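Each reported figure results from applying straightforward, stated rules to the coordinates on display, with no laboratory input. Predicted model only: the values in this text are computed from it and were never measured. As a convention, Cβ positions derive from the backbone with ideal geometry for all residues, glycine included, and neighbour counts pool all protein chains shown.
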């Protein structure tokens, strides 16, 4: 490893460990709430209401909603980790510690993205583990499960980072999750098959990234799908590259960070 | 080599405010350089551009020969900065903050830990290393910012009002510490509102006013341009009558007078005149710091003080 690579590696590890320590230190605010919320979803929608709903494509309603709820936890946690942490650092001005240092912008980006991804995946694994207490979830295609979970966590961590960079107030980091992410999630086939929708809305749903994430994960676990998994995967991959380049551009230009 | 070379640096903020108006500045390696100016003169904007917290509108900046437009990382690796405002995460521990700062520069822990210990001990913070920032006093936070800025052992240390709000004893301690750093070869750029501090520490001084550099000269030369000094003399006995002498003076009270001496006159001559009139002096001091007097004159010609 040459000197520059080694320096960048140390800088990356520093951000990563700082960020992971941060969310582990406040686990009652970062890890516990999504677990409680999702458990309530399992109990109410899975057990109480779900027991009165007919099986969908051979799976109980409880089994049907587990993949969507798992990915919902992955996405929202990856997003909120980077958005809140980055904006918090901006608010306290401690972000300047990184901006004045000699590490390249790409390392800041990678550090925050990977930390958000780790939190998203960690919460996702906990949720999946809890679901095993309620029902049996097969893992039909482990590679698909791992790759879509990883890719989605990275995409949402990047989206959170962009939100954190552009936000001017704490309100700004709650608008996107409330007014964009939540509707996309609830309309993304977590609780129903999109075949139940009017054909027009089905066509719209095919371009909803959350639907494609949930659908691909559902395919990886239950082996069922509402649309082309390859299209969905490529859409999310494209979104990843777009968000990666956008956040790198913002960091390099200092948009939202420098005067 | 120049530690810093600034050419035609201009900054216009989004609201149209011209913070820097094509300034030129050069700081030699090893210098202890004062950058002075009133609030809003453009000091912090200049510093912000040097350490990439502010985007410049135009101009060139070279740090030890590295162009910040093309070799930003190399330039930043030479700089340590102590900002004017506290910029810590309040919930982090002292040691974690400085080890992380070293990490951002790619310095491994095994190198950073002994370095942190050295500087924390030097600035009296070692015993507080496990405290969160929230539990530190204002003076401790200032010292912590200095330690943090030194973790990459910068060749150029930029201090933006490092002793603001710091008690006098600690200020003296910091002065000694900074002098020692400078003697070991670190180039230092200091902005301060305590002009006594700048006069005591700095070899070179630049005064910035309304976005322009209005003075850039060795400190001694600048001080020598001061043509009149006002001295306050405390007398042993109360004055019995008016004094007869060719110096402009003002009686403050029975036992103290204020006398103006121009730079063609000597203190010896003054004492000779006082002796002739049997006036005994118990102590003597400058009414204001010499640099302060010059600073007010220079900046008042140019702006709101006039």
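Comparing Cα centroids, the stretch A:191-249 and the stretch B:41-98 end up 42 angstrom apart. The percentage of C-alpha pairs in chain B whose separation is greater than 27 Å is 51%. Angle of helix B:267-276 to the longest C-alpha principal axis of chain B, folded into 0 to 90 degrees and rounded to 10: 30°.
With a 10 Å cut-off around each Cβ of B:95-102, the average count of Cβ atoms from other chains is 3.
Using a cutoff of 8 angstrom between alpha carbon atoms and counting only pairs six or more residues apart, the relative contact order for chain B works out to 19 percent. Out of every Cα-Cα pair that the stretch A:42-169 contains, those further apart than 18 angstrom amount to 59 percent. With the highest mean first, a sort of the peptides A:26-36, A:159-169 on other beta-carbon atoms found within 10 angstrom per residue produces A:159-169, A:26-36. Look at the alpha carbon pairs under 8 Å that are at least 6 residues apart: their mean separation over the length of the stretch B:27-173 gives a relative contact order of 28 percent.
Calculated from the alpha-carbon coordinates, the stretch A:3-253 shows an Rg and a Dmax of 18.6, 63 Å respectively. Set against the 2.2 N^0.38 Å expectation for a compact globular protein, the protein assembly as shown has a Cα radius of gyration ratio of 1.31. Taking only Cα atoms, what is the 0 to 90° angle, nearest 10, from helix B:109-122's long axis to the longest principal axis of chain B? Relative to chain B, helix B:109-122 is tipped by roughly 20 degrees.
Which of rounded, prolate, oblate describes the stretch A:174-259, given a ≥ b ≥ c as roots of the alpha-carbon gyration tensor eigenvalues and a/c under 1.5 marking rounded, otherwise prolate only if a/b is larger than b/c? Judged from the Cα gyration tensor, the stretch A:174-259 comes out prolate (a/c at least 1.5, a/b above b/c).
The calculated pair-distance distribution of the stretch B:34-107 uses every alpha carbon pair, bins of 5 angstrom beginning at 0, and gives 3, 12, 20, 22, 19, 14, 8, 2 percent. Computed over Cα pairs, the Kirkwood radius of the stretch B:143-271 leads via Stokes-Einstein (1.306 mPa s, 10 °C) to a diffusion coefficient of 88 µm² per second. Quick check: Cα centre of the stretch B:167-212 to Cα centre of the stretch A:1-66, how many Å? Cα centres, the stretch B:167-212 to the stretch A:1-66: 51 Å. Relative to the longest principal Cα axis of chain A, at what angle does helix A:105-134 sit, 0 to 90 degrees, rounded to 10? It works out to around 30 degrees.
Once C-alpha pairs closer than 8 Å and six or more residues apart are averaged by separation and normalised to the residue number of the stretch A:3-253, the relative contact order reads 25 percent.
If you take the square roots of the eigenvalues of the alpha-carbon gyration tensor of the stretch A:91-162 and sort them as a ≥ b ≥ c, do you get rounded (a/c under 1.5), prolate (a/b over b/c) or oblate? Here the stretch A:91-162 falls in the prolate category.
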